[in-house]
Amino acid sequence: MRLNSLAWQRGAFGTLGWTIAIGAIVVLAAFYLTPLTFLIVAATLAMVAAAGVSNSVRAAWRAHVNRGAAASIADRRADLKGRLETIVEIVQHRKVVKLADPYEQPMLWSYLIEDTLSRQEEFLPRRVEARRVSRSIYGFLGSLALATAIFPLIARLHGKPFPVSADQNEMTMDLNDLHLRAGDSDSDDGTEVHADAATMRRLEEKMAAEGVAAGSKSSDTPMDKMINHAKDLAGHLQDKLTGRTSPRPRITLKLADNSEEMNSLDRRNQLNLNPNRKSNPDAQFEHENNSKGDDLSKLKNLPRPPDQMAQPSGASSSEDTNGGRHTGSSDQSSDKSSQDSDAEQGNSGSSSHGVGTDPDTLFGPTSDPKLGGQGFEISIDARSETKGPNASGHAYLPPKVRTPLNPSQHPDEPIARASVPDEDRAAIKRVFER
Amino acid sequence: MSEVNGVEMPTVGDFARIFRRLQGEIHKVIVGHEQAVEELLMALFAGGHVLIEGVPGTGKTTLVKTLGLALNLSFNRVQFTVDLMPADITGTRVILTGEDGRRDFQFQRGPVFCNILLGDEINRATPKTQSALLEAMAELQVTVAAKTYPLEPPFFVMATLNPIEMEGTYPLPEAQLDRFLFKVRLNYPDEEQLVRIISTTTGPEEAGVEPAFPRDESALRIEALKKLVRNVIAAPALEQYAARMVRATQPANSKFVSDSPRAVHEETVNRYVMFGSSPRGAQALILGGKVRALLDGRANVAREDIEAIAPSALSHRIMLNYAAHSDGIDGAHIVDRVVKSIHSSRPA
């Protein structure tokens with residue numbers, strides 16, 4: 001009884017321990033991980049939990065003993081040399097009635113019983129198995145402690161919206177740096193794109209050139225669909241676990257077209273005739289940024305229209321929280337551009353490069369009816385690169401570094417021909433003639 | 001307690017007491033070889049026969065003679081040689097003239113008609129002669145000229161083997177090897193034992209062995225003790241344990257060639273064993289285990305008994321292949337590995 005009780009305790013504590021520990025980790029992960037990562041982590045943890053629970057149940061099943069096995073264990077632990085096991089086995093295999101009959105029972109049966117009973121003290125349950133509670137309770141308590149440690153953190157984060165930082169919310173990218181690919185129209189985590197009309201037209205051209213249609217359902221492959229469904233599932237699960245109802249923060253991407261700026265810069269640089277421009281992209285990049293900074297500083301000093309100055313800075317985020325697909329109108333885009341420029345005044349200069357390269361088209365026409373119908377939304381994979389491609393679209397090539405040779409190395413040059421001694425010439429000639 | 005053939009049935013305590021007394025008497029003459037003496041007596045009470053292997057001068061013949069004296073039983077010795085014939089062991093029919101003057105064939109009993117038979121250097125005789133002992137050992141009877149003559153119990157054969165001087169010897173056939181319950185090895189004595197041997201055998205007085213039983217009761221008392229051994233209880237699980245151990249010595253039942261969940265994972269068996277133990281090996285395990293249980297004051301066989309008896313009971317029943325001989329692997333090594341495998345497969 002006690003051995004089987006311990007076996008089932010082992011199974012129960014093991015199952016509960018694994019479930020609680022993994023559950024706590026999954027809930028915690030829901031707060032911090034993106035849907036796809038969360039899905040992978042949750043699936044992995046679920047498999048670990050399943051394996052752990054299965055292992056615990058199997059161990060409990062193995063530890064569960066019948067009478068014979070219990071007697072065998074008691075024999076070993078009490079050093080009874082098989083006395084109990086023999087009695088149990090004989091009783092199980094022969095009828096007790098037969099054993100009660102002196103003519104039917106083995107000759108030494110009574111001796112065995114008396115001998116075993118005389119050692120009764122040695123196989124009392126508390127001596128055979130002193131524990132009443134399985135050691136697996138420590139694992140269970142450990143998982144409870146883990147869950148208790150995680151609970152305050154979960155309680156603090158529960159129901160709160162996703163943390164948003166200004167750096168993550170707004171990004172400024174050069175149009176030439178973008179690699180466009182079709183996004184999922186079902187997905188909510190698109191990125192709002194704002195730019196002046198000319199840049200938007202260039203974006204359209206670029207999309208057309210790369211075969212991406214605006215608003216089209218691009219991910220048609222079954223794998224993409226499956227991944228999107230998995231993302232949705234993970235997102236819903238995360239929302240349920242975290243209690244967050246608002247969607248994830250969307251990135252407002254401000255596009256800039258460097259090509260026109262480059263044209264103007266080229267014109268200026270042609271005057272400067274800087275020979276290092278082509279060979280040193282970094283220097284070129286810095287130079288462009290400095291130039292842009294100069295332009296911006298000039299622009300920032302310009303007086304603003306009153307309606308743009310009075311625009312509240314949180315207008316963009318309030319639009320985002322509506323959750324619907326945002327179709328930017330020309331007014332909105334111009335408003336946002338003005339907000340962005342206001343924000344950039346307080347931000348670091350790193351986010352201001354490329355914005356409004358041409359002062360004439362920096363904010364675009366305030367009411368352009370054509371642009372109003374051209375506002376759209378795309379999904380963009382943005383990667384930060386310290387050495388981005390230059391304006392001409394060529395890949396960055398690192399400068400060639402000449403490392404000195406070590407003393408045991410020789411330059412890759414042909415070895416000078418040695419003169420053949422006169423006495424060997426005849427022999428060499430013979431060999432080659434053969 | 002009941003009686004057997006007019007002799008009171010001994011108790012478990014009596015068995016252990018008599019056994020220890022016999023051991024003591026034998027050790028008056030035999031110095032050392034404690035395990036060999038114990039196994040010899042165990043085989044006697046289990047109703048089996050013993051094959052003693054040892055180099056010359058280790059006391060093989062002395063041990064057997066001393067046992068005969070201690071048991072107070074009839075004892076014969078046969079020196080096996082190449083020209084020994086089966087009739088020299090079993091006996092033969094000879095023409096004898098009766099009191100009435102008539103000549104008739106009469107059976108002249110051979111040395112096999114005794115309680116304790118010592119076959120010295122049994123591997124020096126031809127297989128034909130060696131086989132003359134088969135029927136006597138297995139069935140306690142001898143058949144000569146289509147007539148069967150029963151042997152008087154207890155009948156106990158002890159054969160000695162000389163592992164060296166193999167020139168002109170005939171290794172025992174497997175069928176005969178299988179009929180020996182145990183194979184006992186006699187090793188060289190250590191220095192202390194050797195000093196004691198010198199002092200006891202070169203002095204003016206010879207060690208006297210006192211018989212454990214009176215001459216007329218000896219055979220009956222020993223038979224009663226043998227009957228007691230048979231009454232020791234072996235649980236079905238223990239019988240299964242012995243069966244598993246025997247099957248584990250058979251390469252056909254190795255896990256490498258069998259899908260049976262009960263197969264033992266023992267690579268050594270598969271690699272080195274040509275033929276494993278016969279069912280007689282399982283009988284030897286249980287019978288030896290029963291004697292050990294009685295010596296321990298128990299009426300039941302334990303797994304420890306079977307494991308302890310396994311090397312003596314199984315090692316000579318395993319036929320090894322050439323790879324084993326070239327790698328210096330013997331039967332005892334195989335049995336040791338099998339016992340460990342079986343032991344580790346026991347439930348925790």
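The values are calculated or read from the model by the stated rules, or taken from the named source; none is laboratory data. It should be emphasised that the depicted structure is a prediction, and the values quoted were computed from it without experimental measurement. Glycine also receives a Cβ, built like all others from the backbone with ideal geometry; neighbour counts cover every protein chain displayed. What goes into the accessible areas is simple: the full protein's heavy atoms, side chains included, and nothing from ligands, DNA or RNA. Shrake-Rupley method; radii C 1.70, N 1.55, O 1.52, S 1.80 Å.
What's the number of the only condition in (1) within 14 Å of chain A (Cβ to nearest Cβ); (2) at pLDDT 85 or above that B:Met9 fails to meet?
(2)
Among the residues of the stretch B:300-328, write down those that are in a strand (DSSP E or B) and either β-branched (Val, Ile, Thr) or away from every other protein chain (no Cβ under 14 Å) (or both). Steps first, please.
Going through the stretch B:300-328, the residues in a strand (DSSP E or B) turn out to be B:300, B:319-320.
Passing the criteria: B:Met319, B:Leu320.
Could you please let me know if B:Thr61 is open to solvent by 20 Å² or more (accessible area, probe 1.4 Å), of a type in the set (Ser, Thr, Tyr) and in contact with an Asp or Glu (Cβ under 7 Å, 6 or more places away or on another chain)? Give the steps one after another, and end with the answer.
Working: open to solvent by 20 Å² or more (accessible area, probe 1.4 Å): yes; of a type in the set (Ser, Thr, Tyr): yes; in contact with an Asp or Glu (Cβ under 7 Å, 6 or more places away or on another chain): yes.
So B:Thr61 passes the test.
From the list B:Gln250, B:Gln240, exactly one residue is out of contact with any Lys or Arg (no Cβ under 9 Å at 6 or more places or on another chain) and away from chain A (no Cβ under 14 Å). Which is it? Reasoning before the result, please.
Working: B:Gln240 fails: away from chain A (no Cβ under 14 Å).
That would be B:Gln250, the only listed residue that is out of contact with any Lys or Arg (no Cβ under 9 Å at 6 or more places or on another chain) and away from chain A (no Cβ under 14 Å).
With respect to B:Val78, determine if the residue is open to solvent by less than 20 Å² (accessible area, probe 1.4 Å) and more than 19 Å from B:Val37 (Cβ to Cβ). Don't jump to the end; show me each part of the working.
Numbers: open to solvent by less than 20 Å² (accessible area, probe 1.4 Å): yes; more than 19 Å from B:Val37 (Cβ to Cβ): yes.
Answer is yes for this residue.
For the stretch B:20-121, which helices (runs of 4 or more DSSP H) that fit wholly inside it have 1 or more residues that are farther than 30 Å from B:Asn231 by Cα?
On the way: elements: B:34-46, B:60-71, B:86-90.
Filter on the stretch B:20-121 gives B:60-71, B:86-90.
Matching residues to (1) in contact with a strand residue (DSSP E or B) (Cβ under 7 Å, 6 or more places away or on another chain); (2) open to solvent by 50 Å² or more (accessible area, probe 1.4 Å):
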residue: B:Gln130; (1), (2): no, no
residue: B:Glu139; (1), (2): no, yes
residue: B:Tyr149; (1), (2): yes, no
residue: B:Pro154; (1), (2): no, no
residue: B:Thr160; (1), (2): yes, no
residue: B:Thr202; (1), (2): no, yes
residue: B:Val209; (1), (2): no, no
residue: B:Ser218; (1), (2): no, no
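Applying the selection to the stretch A:6-50, what residues are at pLDDT below 85, hydroxyl-bearing (Ser, Thr, Tyr) and part of a helix (DSSP H, G or I)?
A:Tyr32, A:Thr37
Exactly one condition in (1) touching a His at 6+ places or on another chain (Cβ under 8 Å); (2) modelled with pLDDT of 75 or more is not met by A:Phe140; state its number.
Going through the list (1) touching a His at 6+ places or on another chain (Cβ under 8 Å); (2) modelled with pLDDT of 75 or more, A:Phe140 breaks only (1).
Yes/no per residue for (1) away from every other protein chain (no Cβ under 14 Å); (2) among the basic types (Lys, Arg); (3) open to solvent by 10 Å² or more (accessible area, probe 1.4 Å):
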site: B:Asp14; (1), (2), (3): no, no, yes
site: B:Glu25; (1), (2), (3): yes, no, yes
site: B:Val29; (1), (2), (3): yes, no, yes
site: B:Glu38; (1), (2), (3): yes, no, yes
site: B:Leu41; (1), (2), (3): yes, no, no
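Yes or no, residue by residue, for (1) out of contact with any strand residue (DSSP E or B) (no Cβ under 9 Å at 6 or more places or on another chain); (2) among the hydroxyl-bearing types (Ser, Thr, Tyr):
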{"position": "B:Leu44", "(1), (2)": "no, no"}
{"position": "B:Thr58", "(1), (2)": "no, yes"}
{"position": "B:Thr61", "(1), (2)": "no, yes"}
{"position": "B:Val64", "(1), (2)": "no, no"}
{"position": "B:Ala70", "(1), (2)": "yes, no"}
{"position": "B:Ile95", "(1), (2)": "no, no"}
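What's the total number of residues in the stretch B:183-200 that are open to solvent by less than 90 Å² (accessible area, probe 1.4 Å) and either assigned to a loop (DSSP other than H, G, I, E, B) or polar (S, T, N, Q) (or both)?
Residues that pass the stated criteria total 5.
What number of residues within the stretch A:1-41 satisfy the criterion of being basic (Lys, Arg) and crowded, with 16+ Cβ neighbours inside 10 Å?
Final tally of qualifying residues: 1.
Residue-by-condition table, conditions (1) modelled with pLDDT under 75; (2) in contact with a helix residue (DSSP H, G or I) (Cβ under 7 Å, 6 or more places away or on another chain); (3) more than 30 Å from B:Lys226 (Cα to Cα):
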position	(1), (2), (3)
A:Leu117	no, no, no
A:Pro125	yes, yes, yes
A:Ala145	no, no, yes
A:Thr148	no, no, yes
A:Phe151	no, no, yes
A:Phe162	yes, no, yes
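Considering every residue within the stretch A:98-117, establish whether at least one is part of a helix (DSSP H, G or I), more than 14 Å from chain B (Cβ to nearest Cβ) and open to solvent by 30 Å² or more (accessible area, probe 1.4 Å). Before the answer, list the steps.
Of all residues in the stretch A:98-117, those part of a helix (DSSP H, G or I) come to A:98-100, A:109-117.
Within this subset, residues satisfying the condition of being more than 14 Å from chain B (Cβ to nearest Cβ) are A:100.
Adding the requirement that they be open to solvent by 30 Å² or more (accessible area, probe 1.4 Å) leaves A:100.
Within the stretch A:98-117 (the criterion being part of a helix (DSSP H, G or I), more than 14 Å from chain B (Cβ to nearest Cβ) and open to solvent by 30 Å² or more (accessible area, probe 1.4 Å)), the answer is yes, since at least one residue qualifies.
For the stretch A:42-72, what are the residues that are open to solvent by less than 30 Å² (accessible area, probe 1.4 Å), within 14 Å of chain B (Cβ to nearest Cβ) and either more than 21 Å from A:Ala12 (Cβ to Cβ) or within 28 Å of the chain's Cα centre (by Cα) (or both)?
Those that are open to solvent by less than 30 Å² (accessible area, probe 1.4 Å), within 14 Å of chain B (Cβ to nearest Cβ) and either more than 21 Å from A:Ala12 (Cβ to Cβ) or within 28 Å of the chain's Cα centre (by Cα) (or both): A:Gly68, A:Ala71, A:Ser72.
Mind listing whichever residues of the stretch A:120-157 are hydrophobic (A, V, I, L, M, F, W, C), closer than 22 Å to A:Val65 by Cβ and open to solvent by less than 50 Å² (accessible area, probe 1.4 Å)?
The answer is A:Phe123, A:Leu124, A:Val128, A:Ile137.
Quick check, is A:Pro152 away from every other protein chain (no Cβ under 14 Å) and over 39 Å from the mean Cα position of the chain (by Cα)?
Numbers: away from every other protein chain (no Cβ under 14 Å): yes; over 39 Å from the mean Cα position of the chain (by Cα): no.
Taking the combined requirement at face value, the residue does not satisfy it.
Go through (1) open to solvent by 40 Å² or more (accessible area, probe 1.4 Å); (2) under 29 Å from B:Ala310 (Cα atoms); (3) in contact with a helix residue (DSSP H, G or I) (Cβ under 9 Å, 6 or more places away or on another chain) one by one and return the number of the condition B:Gly168 breaks.
Of the numbered conditions (1) open to solvent by 40 Å² or more (accessible area, probe 1.4 Å); (2) under 29 Å from B:Ala310 (Cα atoms); (3) in contact with a helix residue (DSSP H, G or I) (Cβ under 9 Å, 6 or more places away or on another chain), the odd one out for B:Gly168 is (2).
Is there any pair with a first residue in the stretch B:120-148 that is without any contact (Cβ under 8 Å) to a residue 40 or more places away in the chain and a second that is in a loop (DSSP other than H, G, I, E, B) and among the hydrophobic types (A, V, I, L, M, F, W, C) whose Cβ atoms are under 7 Å apart and which are 6 or more apart or on different chains, and what are they?
B:Leu140/B:Leu151; B:Leu140/B:Phe155; B:Gln141/B:Leu151
Test each condition in (1) surrounded by 12 or more Cβ atoms within 10 Å (Cβ to Cβ); (2) modelled with pLDDT of 70 or more for A:Asn390 and report the one that comes out false.
(2)
Inspect the stretch A:75-82 for any residue being within 29 Å of B:Glu239 (Cα to Cα), in a helix (DSSP H, G or I) and of a type in the set (Lys, Arg) and give the result as yes or no.
Yes, the conditions are met somewhere in the stretch A:75-82.
Can you find, within the stretch B:127-160, the residue that is nearest to the chain's Cα centre (by Cα) among those that are part of a strand (DSSP E or B) and over 13 Å from B:His49 (Cβ atoms)? I'd like the intermediate steps shown before the answer.
Kept after step one, since they are part of a strand (DSSP E or B), are these residues of the stretch B:127-160: B:141-144, B:147-150, B:156-160.
Filter once more, keeping what is over 13 Å from B:His49 (Cβ atoms): B:141-144, B:147-150.
Working: B:Gln141: 18, B:Val142: 19, B:Thr143: 23, B:Val144: 25, B:Lys147: 27, B:Thr148: 24, B:Tyr149: 23, B:Pro150: 20 Å.
By that ranking, first place goes to B:Gln141.
Within the stretch A:77-94, can you find the residues that are over 19 Å from A:Ser118 (Cβ atoms) and open to solvent by 30 Å² or more (accessible area, probe 1.4 Å)?
Applying the first criterion (over 19 Å from A:Ser118 (Cβ atoms)) to the stretch A:77-94 yields A:89, A:92-94.
Hits for the stretch A:77-94 are A:Gln92, A:His93, A:Arg94.
Can you confirm whether B:Arg103 is surrounded by 14 or more Cβ atoms within 10 Å (Cβ to Cβ) and farther than 21 Å from B:Ala43 by Cα? Lay out the reasoning, then the answer.
Values: surrounded by 14 or more Cβ atoms within 10 Å (Cβ to Cβ): no; farther than 21 Å from B:Ala43 by Cα: yes.
Taking the combined requirement at face value, the residue does not satisfy it.
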